[in-house]
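The values are calculated or read from the model by the stated rules, or taken from the named source; none is laboratory data. What you see is a predicted model; the values in this text were computed from it and never measured. Quick reminder, even Gly has a Cβ in these numbers, built from the backbone with ideal geometry, and neighbours come from all protein chains shown.
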Amino acid sequence: MIIDFRMVPPRGEYMTKAARKEEARIMKEGFLKGYTRVYRSDTEYLEEWRASIAGMIKSMEEAGVDKAILQAEYGGLHEDHLALNRAVLRLHKQYPDKFPVIFMCVNPHADEDMVKLVEWGYKKGFRGLNYEAWSVNFSASESKMWPVYQKCQELGMILTLHCSISFNVDRSLYLSHPCHVDKIACDFPDLKIIANHGGWPWVNELVAIAWKHPNVYIEIGAISPKYIGTPGTGWETLMRYGNTLLQDRVLFATDCMLPHKRCVDELKALPLKEEVKEKWLGGNAAALLGLK
């Protein structure tokens with residue numbers, strides 16, 4: 001079974017036309033303009049298949065991806081994080097076979113009780129919490145987040161954290177450093193933590209943290225697998241330890257940034273043991289989430 005551990009809903013499912021227009025402006029002129037520069041050749045193509053649920057499911061089916069974890073990714077722009085959570089919940093109910101597991105989001109800048117929001121999400125069926133520190137410009141290791149993590153640990157919910165480069169131009173890259181994962185894992189040893197995007201350019205540090213903490217997993221969403229297997233790109237440590245000591249804690253994902261067939265084909269071509277490829281592609285996710 002192949003499982004995409006991280007997909008996000010189309011913006012049209014939870015954002016108004018006015019909000020999407022303002023987001024487009026910020027992508028060109030505001031703090032996210034770095035993304036437009038880096039991904040300028042892929043933007044139109046990406047929107048073509050991920051702009052609708054039908055396109056996303058088609059991409060999955062073309063690659064033989066059986067299921068995906070649909071995650072609410074609050075970007076700190078003009079979207080409503082509560083509407084985003086409701087959209088993810090609605091899509092989960094509409095397509096339970098494709099999206100059997102869903103993760104919610106919180107907004108640390110909102111005037112609300114985040115713990116109560118997590119409790120609401122758990123009662124509604126959310127299995128995890130997705131937090132993007134870089135996008136909201138609020139560190140994942142701020143004390144304000146500790147009660148949230150405590151509640152997630154108590155409820156058995158999983159935490160996913162952005163842990164890699166970001167291309168915003170007005171805030172420190174440090175917000176996405178693996179050290180935050182280490183700090184949280186030290187205080188919450190029973191909280192399952194997923195480090196998104198493999199930690200690049202701090203792959204060595206993230207591998208060390210995952211080796212240190214058995215509750216830390218490494219997800220490789222939004223990364224072209226062929227580069228993970230290319231010497232000199234900085235992924236050598238993950239290839240070595242992900243094929244041995246950490247083979248049970250690497251998770252395949254696209255993050256809706258790359259088409260599924262490309263990612264699946266490239267991962268299958270990596271110089272890994274065949275049984276390890278099966279674990280990365282879905283076996284580890286199935287074991288973590290209890291999927292069959």
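Of all the criteria given as (1) modelled with pLDDT of 95 or more; (2) surrounded by 15 or more Cβ atoms within 10 Å (Cβ to Cβ), the one not satisfied by Glu62 is (2).
Filter the stretch 151-183 for residues that are outside any helix (DSSP H, G or I) and among the aliphatic types (A, V, I, L, M) and give the result. Reasoning before the result, please.
So the first thing to find is which residues in the stretch 151-183 are outside any helix (DSSP H, G or I), and the list is 156-172, 177-178.
Matches in the stretch 151-183: Met157, Ile158, Leu159, Leu161, Ile165, Val169.
For Asp97, the requirement of being over 17 Å from the mean Cα position of the chain (by Cα), assigned to a loop (DSSP other than H, G, I, E, B), touching a residue at least 12 places away in the same chain (Cβ under 8 Å) and more than 16 Å from Tyr14 (Cβ to Cβ) is met. Taking the stretch 128-150 as the range and being in a helix (DSSP H, G or I) and among the polar types (S, T, N, Q) as the test, the residues that pass are Ser135, Ser143, Gln150. Selection of first residues in the stretch 135-151 that are closer than 17 Å to Cys163 by Cα and of second residues that are aliphatic (A, V, I, L, M) and at pLDDT below 95, restricted to Cβ pairs under 9 Å at least 6 apart or on distinct chains, gives the following pairs, ordered by first then second residue: Ser135/Leu32; Ser135/Leu77. Here Leu84 fulfils each of the conditions (1) crowded, with 23+ Cβ neighbours inside 10 Å; (2) closer than 30 Å to Glu266 by Cα apart from (2). For the stretch 248-277, residues that are under 19 Å from the mean Cα position of the chain (by Cα) and outside any helix (DSSP H, G or I) total 12.
Considering only residues in the stretch 184-209 that are in a helix (DSSP H, G or I) and among the small types (Gly, Ala, Ser), the one that is surrounded by the fewest Cβ atoms within 10 Å (Cβ to Cβ) turns out to be Ala208. For beta carbons closer than 6 Å, sequence separation of 6+ or different chains, a first residue in the stretch 178-197 that is in contact (Cβ under 8 Å) with a residue 24 or more places away in the chain and a second that is in a helix (DSSP H, G or I) and surrounded by fewer than 21 Cβ atoms within 10 Å (Cβ to Cβ), the qualifying pairs are Pro178/Glu205; Phe188/Gln153; Asp190/Gln153; Leu191/Gln153.
For every residue, the table says whether it meets (1) under 15 Å from the mean Cα position of the chain (by Cα); (2) surrounded by fewer than 18 Cβ atoms within 10 Å (Cβ to Cβ).
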residue	(1), (2)
Arg50	no, no
Leu70	yes, no
Glu79	no, no
Asp113	no, yes
Ala133	yes, no
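Among the residues of the stretch 115-127, what is the count of those that are surrounded by fewer than 23 Cβ atoms within 10 Å (Cβ to Cβ) and not in a loop (DSSP other than H, G, I, E, B)? Talk me through it step by step, then tell me what you get.
Here is the first cut: in the stretch 115-127, the residues surrounded by fewer than 23 Cβ atoms within 10 Å (Cβ to Cβ) are 115-117, 119-120, 122-125, 127.
Okay, now just the ones that are also not in a loop (DSSP other than H, G, I, E, B), so 115-117, 119-120, 122-124.
Adding up the residues that qualify gives 8.
Just need a number here: residues in the stretch 105-141 that are farther than 16 Å from Leu191 by Cα and hydrophobic (A, V, I, L, M, F, W, C). Can you show your working first?
The initial filter retains those residues of the stretch 105-141 that are farther than 16 Å from Leu191 by Cα, namely 105-114, 116-117, 120-121, 123-125, 132-139.
Now restrict to residues that are hydrophobic (A, V, I, L, M, F, W, C): 105-106, 110, 114, 117, 120, 133-134, 136, 138.
Residues in the stretch 105-141 being farther than 16 Å from Leu191 by Cα and hydrophobic (A, V, I, L, M, F, W, C): 10 in total.
Taking the criterion of being aromatic (Phe, Trp, Tyr) and over 17 Å from the mean Cα position of the chain (by Cα), the residues of the stretch 163-201 that qualify are Tyr174, Phe188.
Residue-level check: of (1) surrounded by fewer than 22 Cβ atoms within 10 Å (Cβ to Cβ); (2) within 20 Å of Ile194 (Cβ to Cβ), Trp280 misses just (1).
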